[in-house]
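Asker: So that we are looking at the same thing, I have put the structure below in structure tokens.
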Amino acid sequence: MLKARFPKYSWNALTGDLFGGFIASLIAFPYGLAMASLMGLPPILGVFTSILTAPITALLGRNPVMIGGVSSVTVPFILVAVHDQGIGGAAKVSMVAAVLMLVFSTLRLGRYVALVPHPVMAGFSCGIGGMMVISQLHTIFGYKGSSIDASLFGQLEDCIANITHLSWSTTLTALVVMVSASVVGRISHKLPAPLIGIGAAVLAATVFHWNSKEVGMLPSTIPPFIGFAWRPSDVYTVLPAAFGLAFVTSVNLLVTSRVVEHFRGRHKAMKKADADRELGAYGIANLAAGMFAAPMSVGIPARSLANVQCGGTSRLSNLFHAGFLILFVTEAGGFIKHLPLAALAGVTAWMGVRLMEWSMWRRLLIMRRTDAAAFLTTSVAALFLNAVFAVGLGISFYVFSYLYHNYFSTRRLLVTENTPGTPLA
């Protein structure tokens with residue numbers, strides 16, 4: 001029946017979209033709660049960002065398997081807005097930023113991201129992968145408290161300093177997920193490796209009585225519509241913050257889209273109109289989220305790549321991801337609250353390891369110097385500094401290389417030719 005109605009869609013594809021959407025939602029839930037709390041917003045708003053925006057981006061976006069949600073790159077903008085103007089002020093900043101994303105789309109600015117060289121994209125992917133691993137070490141090692149508000153370098157330093165205090169049961173739970181997912185992934189890429197890894201970890205924790213922190217009770221209240229008033233002073237307070245937020249969101253969104261395509265094995269540059277369309281889709285989606293003061297949605301590598309790894313191939317996977325999140329905050333909260341946080345951290349860390357572009361590292365010594373420098377610089381900068389700044393640094397190597405070969409070297413040749421006594425060829 002399914003194949004008769006949709007000739008290009010099969011039961012295998014449906015199963016893959018279900019598994020992919022489910023794993024993406026498992027990763028999204030605790031991360032969304034933590035990010036919204038860090039921004040000074042009610043934690044549940046971090047989950048409602050995905051619920052509200054996923055249907056819109058799934059229908060209007062150009063990348064069918066990219067999963068959006070709250071990102072750490074938007075934290076500084078929203079946090080300052082909440083501190084200075086309250087939740088209503090943060091909603092204003094987010095909504096203006098969403099409108100600016102639509103302006104970027106209309107002006108066709110998104111297509112210029114397609115010009116980013118492949119080594120820079122690979123470096124960005126590698127840096128994000130390392131970030132995903134380091135950000136989960138605190139949970140994997142079972143340390144008390146949270147270090148999510150520390151810098152990435154601070155989190156790594158804290159984990160190393162407290163290595164003697166790790167919880168073996170928590171660490172083993174995460175390792176079971178990572179090892180099981182790796183083995184299953186080697187057996188067949190069609191199997192939902194992260195989901196099987198979580199199942200294996202839950203089974204091992206039950207059999208061996210491993211105790212580790214669980215997800216816990218989930219809030220289920222629907223956020224009210226946020227009211228606010230526009231003032232002339234917003235031109236000076238809201239507009240600059242919104243422009244910065246729109247720029248950071250747009251660049252991260254489009255770069256993540258290319259990383260996801262690269263992970264799927266599609267190494268060709270996206271069509272120019274596709275990037276503009278992606279900006280427009282997320283602009284509309286974030287405008288809807290901003291009405292409820294939910295933070296901006298950005299393409300998230302961890303969820304997107306988990307979706308692909310588990311078999312997600314179509315826009316339905318994004319819709320399933322939102323549907324499962326709704327179930328988590330309504331009907332399935334009693335089951336989800338007992339999942340070990342270390343198991344979800346293990347999934348994120350496993351996906352991060354897969355993002356680290358090992359093929360590029362193996363070819364590093366035989367690459368062109370410009371490519372190698374751009375890859376290494378982007379990787380380190382994305383890991384410890386800023387994602388947008390990292391991409392800019394990587395591109396700068398190609399800008400300097402172009403200027404050197406097309407201006408400085410030409411000028412030096414002309415000077416040599418015009419110097420008296422210079423032998424002619």
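Asker: Provide the packing ranking of 370-378, 201-209, i.e. peptides ordered by the mean count of other C-beta atoms within 10 Å per residue, highest first.
Answerer: On the way: 370-378: 22.2, 201-209: 14.8.
Final packing ranking: 370-378, 201-209.
Asker: Would you mind ranking H118, H321, H83 by Cβ crowding within 10 Å, fewest neighbours first?
Answerer: Working: H118 15, H321 31, H83 12.
Ascending Cβ contact count within 10 Å gives the list H83, H118, H321.
Asker: Still on this structure: If I take every Cα pair under 8 Å that is 6 or more residues apart in segment 10-354, average their sequence separation and divide by the length, what percent do I get for the relative contact order?
Answerer: Values: 628 pairs, mean separation 148.0, N = 345.
Averaging sequence separation for qualifying contacts and normalising by length gives 43 percent for segment 10-354.
Asker: If neighbour count is taken as other Cβ atoms inside 10 Å, put T53, T15 in order from fewest to most. Show your work: numbers first, answer last.
Answerer: On the way: T53 28, T15 14.
In order of increasing Cβ crowding within 10 Å: T15, T53.
Only the coordinates and a few stated rules stand behind these numbers; no lab work does. What you are looking at is a predicted structure, and each value in this text was computed from that prediction instead of being measured. Don't worry about glycine lacking a Cβ; one is built from the backbone with ideal geometry, like all the others, and counts go over all protein chains shown.
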